[in-house]
Structure formats: structure tokens, C-alpha cells
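Quick notes on the structure that follows.
The values are calculated or read from the model by the stated rules, or taken from the named source; none is laboratory data. Because the structure is a prediction, the values reported are computed rather than measured. Glycine also receives a Cβ, built like all others from the backbone with ideal geometry; neighbour counts cover every protein chain displayed.
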Amino acid sequence: LQGAAVGGEGPGAWVFVPEHVQRRHVGLACGTLSAGLAAGILIGSLVAAIMKSHFSPAELADGAWRIPFLLGGIFGLVAVYLRRWLRETPVFAEMRERQALAAEMPVKAVLRDHLGGVLLAMAVSWILTAAIVVVMLMTPPLLAAQYAGLDASLANVVAILCLIVGCVIAGWCADRFGSGATLVGWSALLGASYWLMMSVVGQRPDQLMPLYALAGFAVGITGAIPAVAVKAFPAAVRFSGLSFSYNVAYAIFGGFTPIIVTTLMRWYPMSPAIYVVALSAMGVVIGLFLLRSPAGRRLAVMPS
């Protein structure tokens, strides 16, 4: 149920916020929103650290583990309260006035008329899952298991802070230089920085903090990815198209990524880095497509 809620709220916010801003600020809007999502990960990490420092493992197992969930419930109630002041986006209001809303089930129209947009949104969502799931969530326990005594928890917090900054800058770059150029540059940075960190930290654990900070900044690509996905669909089916593509991609790739990476690490310790580099290369290819293809250039402007 929680996964279903996140799957609806994330894409809904990525559509809702950009439709409230001018077209030239869509990337920055998506980047700022993604930075807010990253801030939620940061709060979760800090709460977990505080819980571990204040409670013994026995106390946590006995019931203290419920405290973070209670805090999360409070945040949820606050969000429900704030929602009372939300209004439909100007884009949706204009469509409703022109009676231009989808006359049939939107997902049916998406799969029939916008399959290219679906494939594009699923591909960039796959990159997003690799960046968040592998680099930010899986890396600390993977490093701890591979190198005894190496604690990456503090470095992970610093990486999340850099991720928040990177999301905003990547979103701004998507507006300033275009989604294609931003995707090429940030994908290359993501693959190179994570490979460097995973290949160096075993011999130089003192370099973990700066290298993880750089990799976290590179994960800021997740601030530009929603802008690419949002621009792939016209307004009438934008929410349905983005939600379908993102959730299917995240369910498949996000669900199987930990299993695949953990299994491959038994034979080759650099498997997480190879996985991220491979998807970063795919991001470069997609970015070049957006730069060179006539269809890709049309995605530089958000369709109404």
C-alpha cells in the first residue's frame, strides 16, 4: 500500500508542479521537487542514526522501531492538511474549459498513441532507479559487507546533501542547455564518479567521503530525468503516461536491481559499478538522441 501511494504521489507531483510554472522553468521545477524527495531520504537517514544512538538493538526490536513510523504518519497528516489549499493546474483548467480532456481511458490512449514516450520515460526511469537504489541506498551496506570496519553512513549523509544540490543544478541545466545535453553530461558524471569511488575506496578508505560526495552530486541527474519524462506526453494524458511508465519501470528494474547486483557481487565485487556505468552509458545514448533526433528536439519544449 505504501508503494502504491508513493507510485501515485511521485509522478503526480512531477506533473502538478511543472504545469504551474512557465515552460522555460520546467526543469528547475522538477529538479527542486526531486531535491525535496531527496531531503526526505536524508531525514530518514538522520532519524535512523538517532534511533541507533539512543536505543540498544534489543530496545529497537522491542518496540522503539515504531517511533520513525509514527513520525512519518505525522508528516502524512500534515501533507493531507496542506492539500486543502491546492488548486488544479492552469493547464488542466484550460483543457477542461476547452473540453479537451481525454474522452477514453487515458492509459489506453497512451499505449496506442504515445508508445515512444512510454519507452523514453521507462528508459530514463531505469536510470533513476540505478542512481537512487544502487548508489544511495545499497552502497553503504555493500561497502560494509565487502570491507570489514568501513562505515559509510556519515559519507552517505554527505552524499545525500550533495544530491539535493545536484538535483536543483541538474534541473536548471535542463532549462538552460536542454534535456539532451544535460542527460549526456550528467550520465557521464554519474558513471565515472561511481566507478572511481568503488575502485578506489578499498585501497584508500580515507577518500570515501569526497568520492561519495561527488557521486551523490552526480545522482542529481534524478532532478533532470522527470523533466524528460514529463515532456514526453501531451497534457491530456501526461499524468497517466508518466505514472504508467515510471511505475512499471520502477517495479521491474527497482525490484530486481538489488537481487541482480547482490548476486553478481559474489563473482565480481565491482558489479554495482558496472551496473551503474552501463545505465549511465544508456543515459548518454538517450541524451544524444534528444540532441540529434527531430523527435527528440521537439521534447525540448513541453507540449500543451
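Across segment 232-264, the qualifying residues are those that are surrounded by 19 or more Cβ atoms within 10 Å (Cβ to Cβ) and among the β-branched types (Val, Ile, Thr), and the one among them that is farthest from the chain's Cα centre (by Cα) is Val237.
When segment 247-286 is filtered for residues that are over 23 Å from Ala192 (Cα atoms) and either in contact with a Phe, Trp or Tyr (Cβ under 8 Å, 6 or more places away or on another chain) or acidic (Asp, Glu) (or both), only Ala249 remains. For segment 161-173, the condition of being of a type outside the set (Lys, Arg), within 18 Å of Met265 (Cβ to Cβ) and either in contact with a strand residue (DSSP E or B) (Cβ under 7 Å, 6 or more places away or on another chain) or surrounded by 22 or more Cβ atoms within 10 Å (Cβ to Cβ) (or both) holds for none of the residues. Among the conditions (1) surrounded by 15 or more Cβ atoms within 10 Å (Cβ to Cβ); (2) in contact (Cβ under 8 Å) with a residue 24 or more places away in the chain, Pro140 misses just one, which is (2). Among the residues of segment 114-128, at least one is modelled with pLDDT under 80 and farther than 30 Å from Ser199 by Cα. The residues of segment 1-54 that are among the β-branched types (Val, Ile, Thr), more than 22 Å from Gly241 (Cα to Cα) and surrounded by fewer than 16 Cβ atoms within 10 Å (Cβ to Cβ), listed by number, are Ile43, Val47, Ile50. Residue pairs whose Cβ atoms lie under 9 Å apart, sitting 6 or more positions apart in sequence or on different chains, and linking a residue in segment 193-207 that is without any contact (Cβ under 8 Å) to a residue 12 or more places away in the chain to a partner that is assigned to a helix (DSSP H, G or I) and crowded, with 18+ Cβ neighbours inside 10 Å, are Val200/Leu208; Val200/Leu211; Arg204/Leu211; Gln207/Met197.
Meeting the requirement of 1 or more residues that are closer than 19 Å to Ser45 by Cα and more than 13 Å from the chain's Cα centre (by Cα), the helices (runs of 4 or more DSSP H) wholly within segment 159-231 are 208-218. Filtering segment 295-303 for residues that are modelled with pLDDT under 85, assigned to a helix (DSSP H, G or I) and either under 17 Å from the mean Cα position of the chain (by Cα) or not charged (D, E, K, R) (or both) leaves a non-empty set. Restricting attention to segment 192-226, the residues that are within 18 Å of Leu279 (Cβ to Cβ) and crowded, with 24+ Cβ neighbours inside 10 Å total 14.
Taking the conditions exactly as written (touching a residue at least 12 places away in the same chain (Cβ under 8 Å) and surrounded by fewer than 19 Cβ atoms within 10 Å (Cβ to Cβ)), does Leu150 satisfy them or not? Considered against the rule, which asks whether it is touching a residue at least 12 places away in the same chain (Cβ under 8 Å) and surrounded by fewer than 19 Cβ atoms within 10 Å (Cβ to Cβ), Leu150 comes out as yes.
When Leu163, Leu214, Leu189 are checked against the criterion of being modelled with pLDDT of 95 or more and either within 22 Å of Glu9 (Cα to Cα) or among the basic types (Lys, Arg) (or both), Leu163 stands alone in meeting it.
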